[in-house]
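Let me give you the structure first, and then I'll get to my questions.
The values are calculated or read from the model by the stated rules, or taken from the named source; none is laboratory data. None of the values given here were measured: they were computed from a predicted structure. Because the Cβ atoms are built from the backbone with ideal geometry, glycine has one as well, and the counts that use them run over all protein chains shown. Surface accessibility is based on the protein's heavy atoms, side chains included, excluding ligands, DNA and RNA. Shrake-Rupley method; radii C 1.70, N 1.55, O 1.52, S 1.80 Å.
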Amino acid sequence: MTELIPPHLSSPVPRPDRVYRCQNCGRSPAAPVSFRAHRGLILVMRFFKESGIFCRTCGLAVFRTMTSRTLVQGWWGWWSFVITPAILLYNLFDRAKLNKLTEPVPAPGGMLGAPWDPGKPLHRRATIAGLLVPLTVVGAFGYGIVSSGTAASKVGRCVVSAGRDETEFVDCAEPNEGMVTRVVDRTDLCPSGTIDIVEGYTYQRGRVTDTYFYCIGPDLS
């Protein structure tokens, strides 16, 4: 005769959550995490990975070491400039796992070692200066866009001579010597009917970084 099992007993009893121990110091709680580092070498690149089960203290030490290395070495290559931010974000993702862990304590019957020293926070390390590399590149790119936009905004304004080799931009309602019809990179790109060409410059830190030309036509307003 088949024995009937009550429905509430037919499902397997769920197993308790696994308690991890740090593979370095033996303390718990711990979590499986993986941190990466990247080194750009202009034409080639190298990737590094440190995976394991770590408590909050030991995992933090690995995170800071790998991230600090990437902040300094990760930007030196075309592809590396794109890959490095992804590596930094990846590390932050697993860093969040460590934030959920409580302070590690000795596990019953576990072998104990010395936890790794996490060292200084990233914002207090000299390697944080590595963030200046992308900020400088992005800033220079943005400055070029703004400068270019400023030159283009002169189209439709009029010019007057303000002294030797100097030109001022004025409202066309004022007396003038012509109107800016176009801003170009080469003088041969000025349209027909141009009566004068004025050279313009973009400066950065006191040095000329770009040259363009204002095409001056008659003020027909």
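Where in region 144-221 are the strands (runs of 3 or more DSSP E), entirely inside, with at least 3 residues that are modelled with pLDDT under 85?
Of the strands (runs of 3 or more DSSP E) lying wholly inside region 144-221, those with at least 3 residues that are modelled with pLDDT under 85 span 167-170, 196-204, 207-217.
Still on this structure: Please determine whether any residue of region 92-101 is aromatic (Phe, Trp, Tyr), in a helix (DSSP H, G or I) and farther than 18 Å from Val19 by Cβ.
Residues of region 92-101 that are aromatic (Phe, Trp, Tyr), as a first pass: 93.
Checking the rest, the ones that are also in a helix (DSSP H, G or I) come to 93.
Narrowing the set further to residues that are farther than 18 Å from Val19 by Cβ leaves 93.
Yes: region 92-101 contains one or more residues that are aromatic (Phe, Trp, Tyr), in a helix (DSSP H, G or I) and farther than 18 Å from Val19 by Cβ.
Another question, then. Given Gly40, Gly52, which one is within 17 Å of the chain's Cα centre (by Cα) and part of a strand (DSSP E or B)? Outline the logic, then answer.
Working: Gly52 fails: within 17 Å of the chain's Cα centre (by Cα).
One residue alone meets the criteria, Gly40.
Further question on the same structure: Please go through region 45-57 and pick out each residue that is of a type outside the set (Val, Ile, Thr) and in contact (Cβ under 8 Å) with a residue 60 or more places away in the chain.
Step one: of region 45-57, the residues of a type outside the set (Val, Ile, Thr) are 45-52, 54-56.
Across region 45-57, the qualifying residue is only Cys55.
If you don't mind, there's one more thing I want to ask. Is it fair to say Trp116 is assigned to a loop (DSSP other than H, G, I, E, B), open to solvent by 40 Å² or more (accessible area, probe 1.4 Å) and at pLDDT 90 or above? Explain how you work it out, then say what you get.
Working: assigned to a loop (DSSP other than H, G, I, E, B): yes; open to solvent by 40 Å² or more (accessible area, probe 1.4 Å): yes; at pLDDT 90 or above: yes.
Yes, satisfied.
Answer yes if at least one residue in region 91-98 is under 19 Å from the mean Cα position of the chain (by Cα), open to solvent by less than 20 Å² (accessible area, probe 1.4 Å), without any contact (Cβ under 8 Å) to a residue 60 or more places away in the chain and closer than 30 Å to Val137 by Cα, and no otherwise.
Yes: region 91-98 contains one or more residues that are under 19 Å from the mean Cα position of the chain (by Cα), open to solvent by less than 20 Å² (accessible area, probe 1.4 Å), without any contact (Cβ under 8 Å) to a residue 60 or more places away in the chain and closer than 30 Å to Val137 by Cα.
Still on this structure: Quick one: how many residues across region 99-113 are within 32 Å of the chain's Cα centre (by Cα) and open to solvent by less than 50 Å² (accessible area, probe 1.4 Å)?
1
Something else now. Could we say that Phe81 is within 15 Å of Arg39 (Cβ to Cβ) and open to solvent by 40 Å² or more (accessible area, probe 1.4 Å) here? Lay out the reasoning, then the answer.
On the way: within 15 Å of Arg39 (Cβ to Cβ): yes; open to solvent by 40 Å² or more (accessible area, probe 1.4 Å): yes.
Judged against the criteria, Phe81 is a match.
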